[in-house]
Every structure is written in C-alpha cells, then in structure tokens.
There are 2 protein chains.
Amino acid sequence: MIRLSRLSDYGIVILTRLAREPGRAMAASTLARATAVSTAMTGKILKLLARADILVSQRGVRGGYALARPPEAITVAEIIEALDGPIALTSCADPGTHDCGIEALCPARDGWRRINRAIRDALAGITLAEMAQAVPGDLVPTFATPPRAAAPEPAAAASIGAR
Amino acid sequence: MIRLSRLSDYGIVILTRLAREPGRAMAASTLARATAVSTAMTGKILKLLARADILVSQRGVRGGYALARPPEAITVAEIIEALDGPIALTSCADPGTHDCGIEALCPARDGWRRINRAIRDALAGITLAEMAQAVPGDLVPTFATPPRAAAPEPAAAASIGAR
DNA sequence: GGAAATAGAACCGGTTCGGTTCTCTTTCAA
DNA sequence: TTGAAAGAGAACCGAACCGGTTCTATTTCC
C-alpha cells in the first residue's frame, strides 16, 4: 500500500475546514476543536503549512491562521509536499540526489520518472476547493449515536482515511 | 515523501531482468546474482509475484521462475499491488473497509477517490516492457571502477531508487 | 534416495513516524 | 507596563512497521 502520512491526512482535514470560510482566520486551538485533531498535532501542522506559504499566520493574543490564497489556488500536491516533502516514489528520479550506485546504467530511470510525473500531476490537478466542496455540517459531528466508543476519542476521530 | 517500498523496488528490478528474455525461466539464485538483491529477499519477492500470477514457477531440481505473460501485458500497478497491497493513499476510498468514524460526512472522500484513481491509472499505464526497454548491459555490472566501496556490497547495490 | 529447487511461515532488529512537551517570541489589552 | 494568549521552533519518546533473515516442508529430477 502506498500510503499517505497522517500529517498530510490531518492537514487536508484542517485546510478543508479553513476553506469553508476562506477569509476568516482561526486560532490553532479552535481548529483543533473543530477537527478533533489534537491541539499539539494541529499546531505542528499549521506551522508547517504557514512555512510553506499555504497559510498566513498572525501571532499574538488575537492571532491565528488563514489561507494565504483562495482554495481554488491551493493544490493537494502543494499540501502534501509541504507536510511530507517532495512527491516521488523513488528518489533517483529526483535530480540532485545520487546514491543509487547504478545511476548511469539503471534501465528503469526513465520509467520511474514518467511514473513520478504522472502521480505528481494527478495530485496537482486537485484543488483544496474541490476537496472542500459539499461539506454538509461540521467536519466532526458530536455523534448523536457514537460509532463504537461511548466517548469518542478526540485524538483519533478526524482521520480522513483510517487504516 | 510518498515512497515505494523496497519490496516493489527490488521487484521491478528483478522483473526487468526477467523481461529481457521473456520466455526463459531462471532460478531464484540466478536472479539474485544477476540483480545483486540478496537471495533471501529475491526468493521472498518471487514467491509473492508467483502467487499473484505475474510469474509462473516450476519446482524441483530444474525449477525456476518465468514471466506468466509477455512484458507488454504486465503493468507496474499490478506489480506494486502484488508486493505492497492495494494502491491507495487512503483506505477510506477502498470499499469494504470502514473504520474512519466520519464516513458518511467525510467531505473529502470524493476527492480522495479521484486522487487514488488518478494514481492507479498512472501506474497501470506503464508496462514492464516499457520499464525494461533500453537496457544496456547487465543490470548490475561488475564495476570496473567501484563507485564508492572497494568491494560493492551485494545486498545494497540493486535498488532502483536509493534513498 | 538425495540434491536442488520452490512454498510458506515465523522471527527479529532497526528505522521511521505519530505524537507530545518544552522553551522562546510576539502581540494585545487591562 | 505587565501578563495572558497565541504562534515558532526544536527536542524527545514510544510504538508500529518494514526490511531482511532463517527455518522447515514440499516438490522434482537424476
């Protein structure tokens, strides 16, 4: 299974929440509450996203985070790269790093390059706006009928793709 | 970084070697020598590929492995799925597994589904034949001038994408 | 019947990752 | 002016996963 890290997973959730009110800035604690991602985790993710210029941050008492651009101008590829690093199945296709040992002869390099590009294009073709559309209510509802536990664990409730 | 597992990495290398002589069967030990993947690892990978009907195996003294189909009919997606399981960034898009907790409301599910499909299509569009084309000599040459160590470690020499 | 090969499962150590905690800096308002 | 609230950044830790090995059973040919 080629899987996405939790960081990106949660990141999409949080950004999706922000995209519902693109102009508004929200504090990390507020976003954590709204998405049921732990506050510490939320903070970590928001910092990374701000560093990547996907979010703008305001420090101080009335501080918070807001989208740096409209949701239509933020791609999933960007988000993943900000949180997980460059998108590539194999690093040999990434120019600059050369520790493969058979670089010059590697017969599959062209193939991998094509694959990496195809995947990157696929992720760059989806915008945050598309991910956020058709949001019914709050992202993590206060379960009227809890799905399994009596009190839903806030730290584990918000994953988009559980495994 | 969304990365490929070593299993798939080595698997492609081994299959690429087999694809050079599609009709011929080769023993695991022979393939291990030709690709510089450890014999144990090679065996493990070959077993998985045989179980997935990508290879056919012949047991016994003169046994070995051969491609079950022509290289043009084997896709990278197949190979990765055989070695690493289903290709999906998030399992929530995979029908059958439902432990997300917010299934019904998850706003991003359609988006993820699109992304997973795009990635799968990208990998399904590359065949083993394409990966194997333009192979100059043997996959792992006996280095005339060793790249870094005096005696190249056989266990680590064959990775397509070193990291 | 023995050697050579695949089949299959169990096992183990190390790396990475998810998550937390701590300290520092900035900002605003009382 | 000072303290509380918020973000910035780094360090740290436990646990799960993964790469890799080893062991045993089974098949096949000479």
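List of remarks:
- Screening residue B:7 on (1) buried (at least 21 other Cβ atoms within 10 Å of the Cβ); (2) within 30 Å of residue A:86 (Cα to Cα) shows it passes everything except condition (1).
- Restricting attention to region A:21-46, the residues that are touching a strand residue (DSSP E or B) at 6+ places or on another chain (Cβ under 9 Å) and either within 13 Å of chain B (Cβ to nearest Cβ) or near DNA strand C (Cβ under 9 Å from one of its atoms) (or both) add up to 1.
- Residue check, residue B:125 surrounded by fewer than 16 Cβ atoms within 10 Å (Cβ to Cβ), modelled with pLDDT of 50 or more and of a type in the set (Gly, Ala, Ser): yes
- One residue alone among A:49, A:18 is touching a strand residue (DSSP E or B) at 6+ places or on another chain (Cβ under 7 Å), away from chain B (no Cβ under 14 Å) and in a helix (DSSP H, G or I), and that residue is A:49.
- Hits in region A:64-90 (condition: closer than 16 Å to residue A:129 by Cβ and within 11 Å of DNA strand D (Cβ to nearest atom)): A:66
- Members of region A:2-31 that are touching a helix residue (DSSP H, G or I) at 6+ places or on another chain (Cβ under 6 Å) and within 9 Å of DNA strand D (Cβ to nearest atom): A:28, A:29, A:31
- Residue tally, condition modelled with pLDDT of 70 or more and surrounded by fewer than 17 Cβ atoms within 10 Å (Cβ to Cβ), over region A:67-107: 7
- Scanning region A:115-135 for residues that are part of a helix (DSSP H, G or I) and polar (S, T, N, Q) gives a single hit, A:116.
- Members of region A:61-77 that are outside any strand (DSSP E or B) and in contact (Cβ under 8 Å) with a residue 40 or more places away in the chain: A:70, A:71, A:72, A:73, A:74, A:76, A:77
- Scan of region A:46-63 for residues that are within 10 Å of DNA strand D (Cβ to nearest atom) and crowded, with 16+ Cβ neighbours inside 10 Å, ordered by number: A:46, A:48, A:49, A:50, A:55, A:57
- Residues of region B:55-71 satisfying the condition of being on the phi < 0 side of the Ramachandran plot and within 12 Å of DNA strand C (Cβ to nearest atom): B:55, B:56, B:57, B:58, B:59, B:61, B:62, B:63, B:65, B:66, B:68
- Index of the failed condition, residue B:74 passing every other in (1) in contact with a helix residue (DSSP H, G or I) (Cβ under 6 Å, 6 or more places away or on another chain); (2) within 13 Å of another protein chain (Cβ to nearest Cβ); (3) within 15 Å of DNA strand C (Cβ to nearest atom): (3)
The values are calculated or read from the model by the stated rules, or taken from the named source; none is laboratory data. The shown structure was predicted, so the numbers you read here are calculated from the model rather than taken from an experiment. Please note: Cβ atoms are built from the backbone with ideal geometry, for glycine as well, and neighbour counts cover all protein chains shown.
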